[in-house]
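Reviewing the structure listed below.
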Amino acid sequence: MKVDFFRHNIDEDDIQRVVDVLRAGLSTADDTMHEFESRFAEFLGIPHIIGMSSCTEALQLTLLAFGVGPADEVITTPMTFCATSNAILHVGARPIFVDVEPTTGNIDPDRIESAITRRTKAILPVHLYGQMCDMKRIRGIADNHHLVVIEDAAHCLEGEREGIKPGGLGDAACFSFYATKNITCGEGGAVATASQEHASILRHLIQHRVDQSGIDAAQGLGLPPDAIPGGWYSGMNVIQAALLIGQLDRILTLWRRREQIAQMYRESFEKVDAMWLLADGYNIRHARHLFTIHVPADVRSDFLASLQERGVGVSVNYQPVHLYEFYRRKFGYNPGDFPVAEKIGSETITLPLYPLMTDDEVAYVIESVKAEVVRLLD
Ligand SMILES: *Cc1c(COP(=O)(O)O)cnc(C)c1O
């Protein structure tokens, strides 16, 4: 048997919507964009959605829109895809990593306060694998220190914690519709924010600075005229929006199947002593973007290779960002700087998780993992 690491969920109706847009000579672009943005806003319960070309662009321009720039520090997690911290670098600011919770892999709120300096401007938490960070605590810390909170919710479209969704307590949340994300248009992203002013500034930023309402909004916030630079063209395009509209309608049905598969994995692996799983937090709806198992670091590469040989697509999410060559050289990071993130990074294996997986495929993945546990760990 062969189980792909990922298969998308774009169906014939989604494809037809793209065809319709093309046949209409792209003249329905505004309506289609509006439909996507308003449906997504309704799903999240956040008033303003701005479609973007990617989550990376969304993060970068949201940082800019909230006035983060050179000489500023942004507190974030090393246990993420490098897009998170690269966005901070792109606006000229410095990422300040804070180690993660051993149970969830999310940024550890207990460690945030001691990383705050007078240069700190923002906190950029990542809802790792789809489990939301403790946004109440993070918001509280941010308010005490007058910081902006921008959520990297690339994994967390469907997530909730204590009834709060991404963008609910953060000043803005950024999403990804990259090829392997929960819903996808190949590449794409979005920003959600409750702030009318910042939504206007973002729309202004992504249109070569031609939108006067963005300039007005910036002035309304008391920013100097040149505080908001211009010159991007980073909005989502109509073909991306057309592909996403139908997937947004099905989003919770798709999520339910991933939840079911995740529960099958959890039940099968929870009692296997030789490996461990991250914890599901209390009062949470896990968005189930990625399902990871964790094995001792010295067998991880054998484990990955054997699963591949058995036809099970696997991946590693993530090598902690501070250990990337570029970050080590630029900022002098070393192994041992963030031991919890490093431990997770050296032990984690991502298994296939997507709605089109059949029960037989799930059973085969489980059987394959258990066989490798016996072979490599008993
Ligand atoms: C995928 C991802 C991104 C980047 O998303 P793009 O849409 O590909 O730019 C950012 N952060 C995290 C955590 C991701 O997984």
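The values are calculated or read from the model by the stated rules, or taken from the named source; none is laboratory data. Please read these numbers as outputs of a predicted model, since none were measured by experiment. Note that we place each Cβ from the backbone using ideal geometry, even for glycine, and neighbour counts take in every protein chain shown. Only protein heavy atoms, including side chains, enter the accessible area calculation; ligands, DNA and RNA are left aside. Shrake-Rupley method; radii C 1.70, N 1.55, O 1.52, S 1.80 Å.
Those residues that are buried (at least 19 other Cβ atoms within 10 Å of the Cβ), assigned to a helix (DSSP H, G or I) and not charged (D, E, K, R), I need them from the stretch 347-373; list them, please.
Residues satisfying the conditions are 362, 364, 365, 368, 369, 373.
What are the residues in the stretch 317-339 that are part of a helix (DSSP H, G or I) and either surrounded by 13 or more Cβ atoms within 10 Å (Cβ to Cβ) or not basic (Lys, Arg) (or both), if any?
Once the filter is applied, which keeps residues that are part of a helix (DSSP H, G or I) and either surrounded by 13 or more Cβ atoms within 10 Å (Cβ to Cβ) or not basic (Lys, Arg) (or both), the stretch 317-339 yields 321, 322, 323, 325, 326, 327, 328, 331, 339.
Quick check, is residue 38 open to solvent by 10 Å² or more (accessible area, probe 1.4 Å) and in contact with a Gly (Cβ under 7 Å, 6 or more places away or on another chain)?
no
From 271, 343, grab the single residue that is part of a helix (DSSP H, G or I), open to solvent by 30 Å² or more (accessible area, probe 1.4 Å) and basic (Lys, Arg).
From the options 271, 343, the qualifying one is 343.
Any residue in the stretch 326-340 that's without any contact (Cβ under 8 Å) to a residue 60 or more places away in the chain: show its pairings with residues that are among the aliphatic types (A, V, I, L, M) and surrounded by 17 or more Cβ atoms within 10 Å (Cβ to Cβ) at Cβ separation under 8 Å, as long as the two are six or more apart or on different chains.
Qualifying pairs under 8 Å: 335/323.
So, of the residues in the stretch 102-141 that are of a type in the set (Lys, Arg) and assigned to a loop (DSSP other than H, G, I, E, B), which turns out to be surrounded by the fewest Cβ atoms within 10 Å (Cβ to Cβ)?
118
Looking only at residues in the stretch 177-198 that are in contact (Cβ under 8 Å) with a residue 40 or more places away in the chain, open to solvent by 40 Å² or more (accessible area, probe 1.4 Å) and away from the ligand (no atom under 11 Å from the Cβ), which one is farthest from residue 43 (Cα to Cα)?
Among them, the one singled out is 196.
Among the residues of the stretch 313-361, write down those that are more than 27 Å from residue 4 (Cα to Cα) and among the aromatic types (Phe, Trp, Tyr).
324, 326, 327, 331, 333, 338
Residues in the stretch 233-249: is at least one more than 30 Å from residue 17 (Cα to Cα), touching a helix residue (DSSP H, G or I) at 6+ places or on another chain (Cβ under 7 Å), part of a helix (DSSP H, G or I) and open to solvent by 30 Å² or more (accessible area, probe 1.4 Å)?
No.
Identify, from the list 342, 347, the residue that is in contact with a His (Cβ under 6 Å, 6 or more places away or on another chain), under 30 Å from residue 94 (Cβ atoms) and not hydrophobic (A, V, I, L, M, F, W, C).
Among 342, 347, only 347 is in contact with a His (Cβ under 6 Å, 6 or more places away or on another chain), under 30 Å from residue 94 (Cβ atoms) and not hydrophobic (A, V, I, L, M, F, W, C).
Got a number for residues in the stretch 142-176 being surrounded by 18 or more Cβ atoms within 10 Å (Cβ to Cβ) and either in a loop (DSSP other than H, G, I, E, B) or of a type outside the set (A, V, I, L, M) (or both)?
The total comes to 21.
Residue-by-condition table, conditions (1) more than 17 Å from residue 243 (Cα to Cα); (2) part of a loop (DSSP other than H, G, I, E, B); (3) within 16 Å of the ligand (Cβ to nearest atom):
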site: 5; (1), (2), (3): yes, yes, yes
site: 13; (1), (2), (3): no, no, no
site: 22; (1), (2), (3): no, no, no
site: 26; (1), (2), (3): no, yes, no
site: 34; (1), (2), (3): no, no, no
site: 41; (1), (2), (3): no, no, no
site: 46; (1), (2), (3): yes, yes, no
site: 51; (1), (2), (3): no, no, yes
site: 58; (1), (2), (3): yes, no, yes
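So which pairs qualify, if the first residue must be in the stretch 121-141 and among the aromatic types (Phe, Trp, Tyr), the second must be assigned to a strand (DSSP E or B) and more than 10 Å from the ligand (Cβ to nearest atom), the Cβ gap must be under 9 Å, and the two must be at least 6 apart or on different chains?
From the stretch 121-141, the pairs are 129/291; 129/292; 129/350.
Hey, can you tell me all the residues within the stretch 63-87 that are more than 12 Å from the ligand (Cβ to nearest atom), crowded, with 24+ Cβ neighbours inside 10 Å and assigned to a helix (DSSP H, G or I)?
Answer for the stretch 63-87, where residues must be more than 12 Å from the ligand (Cβ to nearest atom), crowded, with 24+ Cβ neighbours inside 10 Å and assigned to a helix (DSSP H, G or I): 63, 65.
Filter the stretch 253-263 for residues that are among the aliphatic types (A, V, I, L, M) and more than 17 Å from residue 349 (Cα to Cα) and give the result.
If the condition is that a residue be among the aliphatic types (A, V, I, L, M) and more than 17 Å from residue 349 (Cα to Cα), then 254 is the only one that fits.
Could you tell me whether the stretch 242-253 includes any residue that is within 16 Å of the ligand (Cβ to nearest atom), within 20 Å of the chain's Cα centre (by Cα), farther than 30 Å from residue 360 by Cα and at pLDDT 95 or above?
No, that holds for no residue.
Of all residues in the stretch 275-316, how many are loosely packed, with under 15 Cβ neighbours inside 10 Å, farther than 16 Å from residue 344 by Cβ and touching a residue at least 40 places away in the same chain (Cβ under 8 Å)?
Qualifying residue count for the region: 3.
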